[in-house]
Amino acid sequence: MDSVNLAVFASGSGSNAENIIRYFSNHSSIRIKKVLTNNPNAYVIDRAKNLNVPVRVFNRHEFYETGLIINDLKSDQIQWIILAGFLWLVPASITEAFPGRIVNIHPALLPKYGGKGMYGEKVHQAVKSAGEKESGITIHYVNNEYDKGNIIFQARCPVDPSDTPETIAEKVHGLEYKHYPEVIENLICK
Ligand code: GAR
């Protein structure tokens, strides 16, 4: 059987992207074919290159006002898009080209602490400020609103009074590394 080809979109450090690439290297039916980023300075570029995954950097004009990204994804025979710390809203042209085949991870228990501007450390700071007793991760389908697509999977971790945004981030990253690749695998190979 031919592999199912995935593209990973990331905007920053890319530790999840790296974890996903490592998990699926030598996988029998899933291949991470390309990493795409909107950020020419993102560390994910180095991570992907070190793991021999080609990288495509794109700008706002290409992403929102042309069909170039879709054309590239199609010519690479990409079947699923995995967002891993990707901060731009995905336009309807792309969600329509990959219906039900774009997945995101959010570092909190949606619907809480989602929406525009809620990413990375800002989420953990908001969780801490609100005095939450737990946080976690949400893996969900992507539609044309930030963090609003149907939820596929959630996992939780306790938040103690002594936790800081940094220690909450560590716990949440741990959940992300543990679960995101497996959830992707189950979605695609089920
Ligand atoms: C991850 O925690 C991911 O859940 C979050 O950005 C971080 C990226 O870290 N995504 C969002 O906040 C999306 N709204 P990484 O670059 O090290 O994988």
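Data table
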| item | result |
| --- | --- |
| Filtered residues of the stretch 64-80 (kept if exposed (fewer than 12 other Cβ atoms within 10 Å of the Cβ) and either of a type in the set (D, E) or in contact with a His (Cβ under 8 Å, 6 or more places away or on another chain) (or both)) | E65 |
| Enumeration of residues in the stretch 30-47 that are assigned to a helix (DSSP H, G or I) and away from the ligand (no atom under 11 Å from the Cβ) | I45, D46 |
| Qualifying residue in the stretch 7-29 (condition: part of a strand (DSSP E or B), surrounded by fewer than 21 Cβ atoms within 10 Å (Cβ to Cβ) and more than 9 Å from the ligand (Cβ to nearest atom)) | no |
| Qualifying strands (runs of 3 or more DSSP E) (wholly inside the stretch 82-190; at least 3 residues being touching a residue at least 40 places away in the same chain (Cβ under 8 Å) and surrounded by fewer than 17 Cβ atoms within 10 Å (Cβ to Cβ)) | 151-158 |
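Condition check ((1) within 8 Å of the ligand (Cβ to nearest atom); (2) in contact with a strand residue (DSSP E or B) (Cβ under 7 Å, 6 or more places away or on another chain); (3) modelled with pLDDT under 95) across all residues:
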position: W80; (1), (2), (3): no, yes, no
position: F86; (1), (2), (3): yes, yes, no
position: V90; (1), (2), (3): no, yes, no
position: S93; (1), (2), (3): no, no, no
position: G117; (1), (2), (3): no, no, yes
position: V123; (1), (2), (3): yes, no, no
position: H140; (1), (2), (3): no, yes, no
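The values are calculated or read from the model by the stated rules, or taken from the named source; none is laboratory data. All of these numbers come straight from a predicted model, not from anything done at the bench. Here the Cβ is made from the backbone with ideal geometry for all residues, glycine too, and neighbour counts use every protein chain on show.
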